[in-house]
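Right, one structure below, let's go through it.
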Amino acid sequence: MIIIGLTGGIGSGKSTVLEMFKGLGVETYIADVEAKRLMNTNPELITDIKKLIGEKAYIDQKLNRAFISNVVFNNKDTLTALNALVHPKVRSDFKNFIKKSSSKIIIYEAAILFESGSDKFCDYIVTVSANFEDKIKRIIKRDGVSKEQVLERMQHQLNDESKIRKSHFVVNNSNLSDTKIQVETIFNILVKLDKK
């Protein structure tokens, strides 16, 4: 089994690339989605988050994402502390996911793959990159936010250059048909590596 870390900055098109890999029969684990699920269902994690951020972190037993975002984006220490609670639970959940899987290739997709240290358990890393202006346009269109808000979000992530330096493969996602060819090429290389 080969574990691939898939990452890329906000607006790079990670989800598009992930869907392409899925279409080739690769099993996928989306860290952000699973983190939100665990933050809503894991009793120990819920208790710890309430201790850290306060009772307002949950409304009607559901994660109050707007409140939490507001708190952590204005306080880096709280964000670091929250990540220190969530990431170990996600890693443990991923280990269980691997145990149940019979897939030859699994993709672990995470926006903050390097920042969370999750790159350490991946065999290979794929970074999705895109033109800076394209990324901004995509996020504005997708989330209905201002350019200033997009730039603020980008400051919380490693830049593309840093990610690319630490990666084995890079997908330049500026043209969908080109992206598809790049994904298929990487997939074929991984299949060969798995057979070694």
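Coordinate-derived values only; no laboratory data. Keep in mind it's a predicted model, so treat the numbers as computed, not measured. Cβ sites come from the backbone with ideal geometry, for glycine too, and all protein chains shown count toward neighbours.
Between Ile2 and Asn74, what's the calculated FRET efficiency when r is the beta-carbon distance and R0 is 35 Å? Round to 0.05. The partial results should precede the final answer.
Numbers: r = 40 Å, r/R0 = 1.13.
In this case the efficiency is close to 0.30.
A simple spin-label model places pseudo-atoms 7 Å from Cα toward Cβ; at Ile181 and Arg37 they are separated by 3.6 nm. Pairs of Cα atoms nearer than 8 Å and 6+ residues apart set the relative contact order; for the chain it is 39 percent. Between the amide H of Ile2 and those of Ile105, Ile106, distances stay under 5 Å, these residues lying 5 or more places away or on another chain, with hydrogens modeled in the peptide plane.
What is the extension gain from Ser101 to Lys141, computed as 0.36 nm multiplied by their sequence separation minus the C-alpha to C-alpha distance, in nm to one decimal?
Difference between extended and current length: 10.8 nm.
Taking a ≥ b ≥ c as the square roots of the Cα gyration tensor eigenvalues, with a/c under 1.5 meaning rounded and otherwise prolate when a/b beats b/c, else oblate, which class fits the chain?
Details: a/c = 2.13, a/b = 1.32, b/c = 1.62.
Since a/c reaches 1.5 but b/c is at least a/b, the shape of the chain is classed as oblate.
Where does helix 76-100 land angle-wise versus the long Cα axis of the chain, in degrees 0 to 90, nearest 10? That works out to roughly 50 degrees.
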